[in-house]
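Visitor: Let me begin by handing over the structure; questions about it come next.
The values are calculated or read from the model by the stated rules, or taken from the named source; none is laboratory data. It should be emphasised that the depicted structure is a prediction, and the values quoted were computed from it without experimental measurement. Neighbour counts run over all protein chains shown; Cβ positions are idealised from the backbone, glycine included.
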There are 2 protein chains.
Amino acid sequence: MDKIPILKLGEFLLVTVQVDMHDRLAMTLQDDLTERIVASHARGVLIDISALDIVDSFIGRMLANIAAMSAILDAQTVVVGMRPAVAITLVELGLSLPGVRTALNVEKGMELLRARMREVEPGQTAEGQAAYGEGRVQQADGVE
Amino acid sequence: MDKIPILKLGEFLLVTVQVDMHDRLAMTLQDDLTERIVASHARGVLIDISALDIVDSFIGRMLANIAAMSAILDAQTVVVGMRPAVAITLVELGLSLPGVRTALNVEKGMELLRARMREVEPGQTAEGQAAYGEGRVQQADGVE
């Protein structure tokens, strides 16, 4: 297991994390994902963590990093499928995943991404300026 | 890693196989998948094997079994993302995956499933199609 597959679904990319993340795998995922975003002109990234029993600070940081990198590349990130126990543990650990949006499952994550895309660009696909603002502003607003 | 996550995408289910399959994991996947097909009224199953370097006779049989079980439950199975090397090895081993349809990637697999559904039941998927349409059809049409 040397890399995590990235699936293209329309204008979104889907990553299903199933294995324990370690440094190299996380780095590879970040590299692959950013390359795929650029190559496929993806507008959103869905990261499914329903297979994970534990999300520690390392994975939390990885998710935040991916969200930040994607935002710079004008793609929004939504983490989906988090287990209840994981949410409990995250809060107890004081990890609130800043800057990372979440949704219950892949379908709701896609709805969220589509709603955000419609909201931000009702008509034109603006370039860098608006696109970048989109990525950051809504994180601050925490729109669900 | 005790089970492989099954993601619902409209009327299809998506399974990404990333880890080495062993007996118990394969059994669990079959159980989970058949239950999910029934629970979610799924019409198709997409199995992504792009992470697999090797597909041996065990995995080949598992894929064939899943396809057969799904077919009985009125869901069609498409295996997607097979690596070129895997295809070569399969043929050299004499494993032609009977009864298993394949597609290049998840998107093409979905197109295949949709085409098959339209073929089998022209006109009567209105309800499912509409519900699904909002989510997926626009991706197939290439909104970007």
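Visitor: Which number in (1) within 12 Å of chain B (Cβ to nearest Cβ); (2) in a strand (DSSP E or B) marks the one condition that residue A:45 misses?
Guide: The number of the failed condition is (1).
Visitor: For residue B:28, are the conditions met, namely being more than 17 Å from residue A:81 (Cβ to Cβ) and crowded, with 17+ Cβ neighbours inside 10 Å?
Guide: For residue B:28, the condition - more than 17 Å from residue A:81 (Cβ to Cβ) and crowded, with 17+ Cβ neighbours inside 10 Å - is not met.
Visitor: For residue A:28, state whether it is at pLDDT 95 or above and β-branched (Val, Ile, Thr).
Guide: Taking the combined requirement at face value, the residue does not satisfy it.
Visitor: Hey, another quick one. Does at least one position in the stretch B:7-25 carry a residue that is touching a strand residue (DSSP E or B) at 6+ places or on another chain (Cβ under 6 Å), without any contact (Cβ under 8 Å) to a residue 24 or more places away in the chain and within 26 Å of residue A:83 (Cβ to Cβ)?
Guide: Yes; the residues of the stretch B:7-25 include at least one that is touching a strand residue (DSSP E or B) at 6+ places or on another chain (Cβ under 6 Å), without any contact (Cβ under 8 Å) to a residue 24 or more places away in the chain and within 26 Å of residue A:83 (Cβ to Cβ).
Visitor: Can I ask one more? Check A:74, A:20 and return the single one that is within 26 Å of residue B:46 (Cβ to Cβ) and among the charged types (D, E, K, R).
Guide: Only one candidate qualifies: A:20.
Visitor: Right, residue B:68: in contact (Cβ under 8 Å) with a residue 12 or more places away in the chain, more than 14 Å from chain A (Cβ to nearest Cβ), surrounded by fewer than 18 Cβ atoms within 10 Å (Cβ to Cβ) and touching a Gly at 6+ places or on another chain (Cβ under 8 Å) or not?
Guide: Yes.
Visitor: Among the residues of the stretch B:71-108, how many are among the charged types (D, E, K, R) and within 14 Å of another protein chain (Cβ to nearest Cβ)?
Guide: Number of matching residues: 3.
Visitor: I would also like to ask the following. Inside the stretch B:67-88, can you point out the residues that are on the phi > 0 side of the Ramachandran plot and in contact with a strand residue (DSSP E or B) (Cβ under 8 Å, 6 or more places away or on another chain)?
Guide: B:81, the sole residue that qualifies.
Visitor: Give the residues of the stretch B:48-65 that are within 14 Å of chain A (Cβ to nearest Cβ) and within 22 Å of residue B:36 (Cβ to Cβ), sorted by residue number.
Guide: Selection gives B:48, B:49, B:50, B:51, B:52.
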